[in-house]
Amino acid sequence: MKRVLSGIQPSGSLTLGNYIGAIQNFVKLQHTHQCYFMVVDLHAITVPQEPKALREQTESVAALFVAAGIDPEKANVFLQSHVPAHAELGWIMTTLTHMGELERMTQFKDKSSGKESVGAGLFVYPSLMAADILLYNADLVPVGDDQKQHLELTRDLAQRFNQRFGEYFTIPEPYIPEVGARIMSLDDASNKMSKSNPNPGSYIALLDPPDVIRKKISRATTDSGREIKYDVKAKPEVSNLLSIYSQCAKLSIANIEAKYEGQGYGQFKKDLAEHVIATLEPIQQRYREIRSSGKIIDILDKGAQRASEAADETLRNVKERMGFLLRG
Ligand code: AQP
């Protein structure tokens, strides 16, 4: 069975973008692959996090994984910080990474641009991501467009290690989902929908109540036209809403265009809000049950135990190959 690894940062409240672009694919993959799905809290602290919020968001993301349909008996669900091998292999990978490789990373350039002071962790983040993937010898990594460059670096680091210390790491491949929409921000369709956006009107959180969802969608930016047509260049905002509609209502875009032919944006937005609400309602219901049961701590403990077994073995092999004197 091929191994899949992916993670989501607890850097805010999960959005519909995270669900459509990542979690719904995780749910499918768990049936056909050996999956490792983690909440990457060590990555989240590469930008400042408030401790109380970090703790709450971490538990919330883990509970949302399960509420959205990831079965902790099938997939390994755990926190990155519960498996210390991530930080240790992360350091080892940092020593194998060249400064120039990190300087070329566009995500670092984006996230650091205009900031007076930037943590070194943000700079070396791609080396830690490489460690996350290589620890489990993952074959496939579901990645969005913005992470492709980091996966390329992971592949280079795996090859570099294998050349210097003997064949060991699997070279991971990107997993491109069959339907992988990139959901854009509701207030600006040139940016992706992001959980850390300071404007909550720019995203739909998976835990937003129905009225908030209705309000956010009715206020979503559109153009001054009337036509409901998918054309990313000419009508980026409407195209984004069509993608969300298609994913939530499980209808093709052509079908939705035909349904609203000759109508303005009003009814389209109202119906879209109801489809989003219907998609999120069962997830929110299960989320409340999981949080109130307190089971998530136990799920994360078991997930970390299983993940540690695989990760510790990799780390031991890596250290042995590199010439570390191992404990007896
Ligand atoms: N807007 C999106 N559309 C489709 N997929 C998305 N993902 C994120 N936003 C969208 C996918 O969700 C996973 C989570 O990634 P992450 O938490 O590690 O960080 P991210 O990609 O940077 O996500 P956010 O929500 O934008 O977080 P912040 O605001 O903290 O940077 C990834 O698989 C990603 O592709």
* Asked: Are any of the residues in region 55-71 out of contact with any Phe, Trp or Tyr (no Cβ under 8 Å at 6 or more places or on another chain) and among the aromatic types (Phe, Trp, Tyr)?
  -> no
* If you check Ser224 against the conditions, is it surrounded by 15 or more Cβ atoms within 10 Å (Cβ to Cβ), without any contact (Cβ under 8 Å) to a residue 60 or more places away in the chain, more than 21 Å from Val143 (Cα to Cα) and out of contact with any Pro (no Cβ under 7 Å at 6 or more places or on another chain)? -> no
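Residues checked against (1) in a helix (DSSP H, G or I); (2) of a type in the set (A, V, I, L, M):
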{"site": "Met1", "(1), (2)": "no, yes"}
{"site": "Asn25", "(1), (2)": "yes, no"}
{"site": "Val47", "(1), (2)": "no, yes"}
{"site": "Ala53", "(1), (2)": "yes, yes"}
* Residue count, region 27-40 (criterion: buried (at least 23 other Cβ atoms within 10 Å of the Cβ) and either among the hydrophobic types (A, V, I, L, M, F, W, C) or within 12 Å of the ligand (Cβ to nearest atom) (or both)) -> 5
* Condition test on Ser202, is it within 11 Å of the ligand (Cβ to nearest atom), free of Cβ contacts under 8 Å to residues at least 24 places away in the same chain and within 25 Å of Ile45 (Cα to Cα)? -> yes
* Asked: Does Tyr36 satisfy being within 13 Å of the chain's Cα centre (by Cα), touching a residue at least 12 places away in the same chain (Cβ under 8 Å) and assigned to a strand (DSSP E or B)?
  -> yes
* Failed item in (1) among the acidic types (Asp, Glu); (2) within 16 Å of the ligand (Cβ to nearest atom); (3) loosely packed, with under 12 Cβ neighbours inside 10 Å, with Glu237 passing the rest -> (3)
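Conditions tested, residue by residue: (1) in contact with a strand residue (DSSP E or B) (Cβ under 7 Å, 6 or more places away or on another chain); (2) within 13 Å of the ligand (Cβ to nearest atom).
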residue	(1), (2)
Leu79	yes, no
Glu88	no, no
Lys111	no, yes
Asp132	yes, yes
* Asked: Ile217 passes all but one of (1) crowded, with 18+ Cβ neighbours inside 10 Å; (2) outside the structural domain of Ala273 (by TED's automatic domain parsing); (3) more than 30 Å from Met93 (Cβ to Cβ); which number fails?
  -> (2)
* Can you tell me how many residues in region 151-188 are more than 16 Å from the ligand (Cβ to nearest atom) and of a type outside the set (Asp, Glu)? -> 15
* Go through (1) touching a Gly at 6+ places or on another chain (Cβ under 8 Å); (2) buried (at least 16 other Cβ atoms within 10 Å of the Cβ) one by one and return the number of the condition Ile256 breaks. => (1)
* Across region 221-241, what is the total count of residues that are in a helix (DSSP H, G or I) and either acidic (Asp, Glu) or closer than 16 Å to Lys192 by Cβ (or both)? -> 5
* Any idea which of Asp132, Asp146, Asp156 is surrounded by fewer than 18 Cβ atoms within 10 Å (Cβ to Cβ), within 26 Å of Leu54 (Cα to Cα) and acidic (Asp, Glu)? -> Asp146
* Structure fact -> From the option list Ser218, Ser190, Ser246, single residue qualifying as outside any strand (DSSP E or B), out of contact with any strand residue (DSSP E or B) (no Cβ under 7 Å at 6 or more places or on another chain), within 30 Å of Gln49 (Cβ to Cβ) and among the polar types (S, T, N, Q) is Ser190
* Please state which one of Glu116, Glu101 is assigned to a loop (DSSP other than H, G, I, E, B) and either at pLDDT 95 or above or surrounded by fewer than 22 Cβ atoms within 10 Å (Cβ to Cβ) (or both). => Glu116
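The values are calculated or read from the model by the stated rules, or taken from the named source; none is laboratory data. If you're wondering where the values come from, they're calculated on a predicted model, not measured in any experiment. Using ideal geometry, Cβ is built from the backbone for each residue, glycine included, and neighbour counts are taken over all protein chains shown.
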